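Below is one structure, written out as structure tokens, with a few remarks after it.
The values are calculated or read from the model by the stated rules, or taken from the named source; none is laboratory data. For clarity, every value in this text was computed on a predicted model and none was experimentally measured. Here Cβ is always computed from backbone atoms with ideal geometry, including for glycine, and neighbour counts include all displayed protein chains. Only protein heavy atoms, including side chains, enter the accessible area calculation; ligands, DNA and RNA are left aside. Shrake-Rupley method; radii C 1.70, N 1.55, O 1.52, S 1.80 Å.
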Amino acid sequence: MLAALWAADGPLPARRVRERLTGDLAYTTVLTILSRLHDKGMVVRHREGRGYVYEPARDEASHTAQRMRSLLEGIPDREAVLARFVSELSAQDEHVLHQLLSEHGGHGEGERRKR
Amino acid sequence: MLISVYVPFVVTATLTVLAPRMVRRLPPRPAAWALACAALVTAVGWTGSLALLAFTGVAQIPQIAEEGRWSVAALRAEDPVYLVVAVGSALVLTAGIVSLGVAAIRQARHLIRARRECADLPGEIELAVVDDDTPLAFALPGAPGRIVVSRGMLRCLGNDEREALLAHERAHLRGRHHLFQGLWRLTAALNPLLRPLAAAGGFVLERWADEEAAERVGDRTVVAHAVGRAALASAGASRPTALAVTGGAVPQRVRALLAPPPARRRLPFVTGGLLLAVCCASLANAASDSDHMMDSAHRVLCAAHVSTASAPRAADDQREPDFCCGGHDRLQRGRHRA
């Protein structure tokens with residue numbers, strides 16, 4: 001849920017958050033989780049119209065981003081500790097990837113547009 | 001001893017050539033376990049064999065033979081190992097152990113740092129989103145482990161793909177993949193021949209997490225797209241200075257995900273298991289041979305000592321040091337008393 005909020009361009013009402021989740025959660029469950037996240041200070045909400053809109057609480061000091069990037073520097077032997085989602089690509093890899101994704105593109109792109 | 005002590009080297013070399021090729025086409029979870037076993041057993045076999053070879057050389061140094069009370073001449077007569085081989089083994093073994101120590105300290109430091117970062121990350125849930133446009137995503141082991149994803153990464157993925165990314169990272173944490181990685185790194189530090197095994201292991205862990213994510217999301221194509229899109233986004237954001245270190249790991253993962261799940265096969269695992277069993281058996285055989293050899297060298301010295309000392313020292317044989325071993329010695333004393 002937090003990931004969905006972060007991926008959004010702006011604050012979202014609970015209904016829209018629910019649309020962005022893959023599981024089939026009930027509206028009330030989404031509301032409960034959102035208010036719990038709000039209690040923990042991870043989400044901020046503003047009143048808009050009759051309900052609330054939610055957005056992720058930003059880390060104002062934002063040292064975290066820098067710390068995380070420094071964690072990734074000097075990879076080779078840190079890789080043993082960090083499991084990164086994707087590794088670096090060479091120019092050739094990039095080309096191959098584009099091809100692979102476009103060959104099987106219909107499915108993914110279609111799904112993206114649907115939402 | 002003549003042959004068996006070298007068998008672990010042959011097994012290590014065979015596995016280091018064959019295993020990385022084999023495991024890429026196997027189901028990743030058993031493949032990762034097999035690679036971990038292979039790395040551990042061959043590392044032990046390698047160290048054990050080097051130690052045995054080195055020991056036969058060291059045992060021939062007169063001062064040490066005196067300390068250990070065995071006959072250098074008998075050892076030389078029986079010893080099937082060239083001194084050069086023994087010295088070489090001692091050097092390789094020392095270098096391996098030093099490098100293992102360095103790697104272990106480094107590993108421990110990284111783990112401690114990761115653990116601290118896990119605790120320091122904001123938020124109380126597993127996911128920590130970093131307010132950063134650079135696409136990055138990784139699992140940070142700790143107690144509990146955290147998943148770190150940047151806003152940039154989340155924005156370049158669709159809803160399903162986001163789920164796939166989180167499932168992938170969660171699989172890394174649940175499977176304690178950092179322990180596998182650590183084991184491979186340490187064994188590769190001890191024995192550089194095992195480096196290909198470590199590299200293959202890294203790839204297999206990613207595949208493992210991919211497959212688990214696919215199971216969780218219920219669609220292999222979605223995971224393939226998530227991996228592909230994330231990689232392309234990261235590549236666009238920062239062109240790596242050292243290219244192609246990964247040798248096309250991401251396209252391989254995407255290809256594997258677009259294909260049907262890998263079939264279960266038994267033969268490669270059985271073959272690997274047999275090789276490892278042979279490695280263990282021959283190490284045990286070499287060790288027992290070496291033990292016999294030292295025993296007989298010891299007995300030779302005893303016999304020599306007894307025959308030279310018995311005449312002049314027959315009277316005070318109570319002081320005959322507990323120098324000679326077990327039965328042989330007691331037999332001699334018994335005879336004296338009688």
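The helices (runs of 4 or more DSSP H) found wholly in segment B:84-202 and carrying at least 1 residues that are surrounded by fewer than 17 Cβ atoms within 10 Å (Cβ to Cβ), within 9 Å of chain A (Cβ to nearest Cβ) and at negative phi occupy B:151-155. Kindly indicate the residue of segment B:214-229 that is within 10 Å of chain A (Cβ to nearest Cβ), part of a helix (DSSP H, G or I) and of a type in the set (Gly, Ala, Ser) and also surrounded by the most Cβ atoms within 10 Å (Cβ to Cβ) among those meeting that condition. So the residue we want is B:Ala226.
Among the residues of segment B:86-107, is any modelled with pLDDT under 90 and over 24 Å from B:Leu197 (Cα atoms)? Scanning segment B:86-107 turns up at least one residue that is modelled with pLDDT under 90 and over 24 Å from B:Leu197 (Cα atoms).
Of the residues making up segment B:21-50, those that are at pLDDT below 90 and either open to solvent by less than 20 Å² (accessible area, probe 1.4 Å) or not in a helix (DSSP H, G or I) (or both) are B:Val23, B:Arg24, B:Arg25. Filter segment A:5-57 down to the residues that are farther than 26 Å from B:Asp133 by Cβ and among the aliphatic types (A, V, I, L, M) and list them by number. Once the filter is applied, which keeps residues that are farther than 26 Å from B:Asp133 by Cβ and among the aliphatic types (A, V, I, L, M), segment A:5-57 yields A:Ala14, A:Leu25, A:Ala26, A:Val30, A:Leu31, A:Ile33.
Kindly check whether there is at least one residue in segment A:30-46 that is basic (Lys, Arg) and modelled with pLDDT of 85 or more.
yes
Of all residue pairs spaced 6 or more apart or on separate chains, those with beta-carbon atoms under 6 Å, a first member in segment A:1-30 that is in contact (Cβ under 8 Å) with a residue 24 or more places away in the chain and a second member that is acidic (Asp, Glu) are A:Pro11/A:Glu55.
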